[in-house]
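Take a look at the structure below.
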């Protein structure tokens, strides 16, 4: 079984660890965490990823994650890459989806069946619980 690679952008240390553990334990995923949109774009262009998770507000500088999603979805080399917004705000999710992101989830929802379903649609080989 192949290891899924996920780029996790703009989370604080605690949330990054929580998301990474969840993805590792449920999907055998390797998570690469970066702080800024520039780091994310550089990392995406230099490696292969199965999914990008973008925080609504990047923890390091408070910039809107939606701006990164817009950059990813308008870049021909990156636009097909599955991308999700990490936010529990429905209006932010709607905006991300309108740009081409998949429906995302809030940090408090990690582990819930709905989130597992969403992620399974991208990471098709989950580890059985």
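Test of understanding: among 97, 69, 110, which residue is out of contact with any helix residue (DSSP H, G or I) (no Cβ under 6 Å at 6 or more places or on another chain) and either closer than 20 Å to residue 122 by Cα or surrounded by fewer than 15 Cβ atoms within 10 Å (Cβ to Cβ) (or both)?
From the options 97, 69, 110, the qualifying one is 97.
In region 21-46, which residues are more than 20 Å from residue 101 (Cα to Cα) and either out of contact with any strand residue (DSSP E or B) (no Cβ under 6 Å at 6 or more places or on another chain) or without any contact (Cβ under 8 Å) to a residue 40 or more places away in the chain (or both)?
Within region 21-46, 21, 22, 24, 25, 26, 28, 30, 46 qualify.
Hey, among 21, 45, which residue is surrounded by fewer than 17 Cβ atoms within 10 Å (Cβ to Cβ), more than 13 Å from the chain's Cα centre (by Cα) and under 16 Å from residue 81 (Cα atoms)?
So the residue among 21, 45 that is surrounded by fewer than 17 Cβ atoms within 10 Å (Cβ to Cβ), more than 13 Å from the chain's Cα centre (by Cα) and under 16 Å from residue 81 (Cα atoms) is 45.
A short reminder: the numbers here are calculations on the coordinates, not readings from a lab. Source: prediction; values computed, not measured. Reconstructed Cβ throughout: ideal geometry from the backbone, glycine too, with neighbour counts over all protein chains shown.
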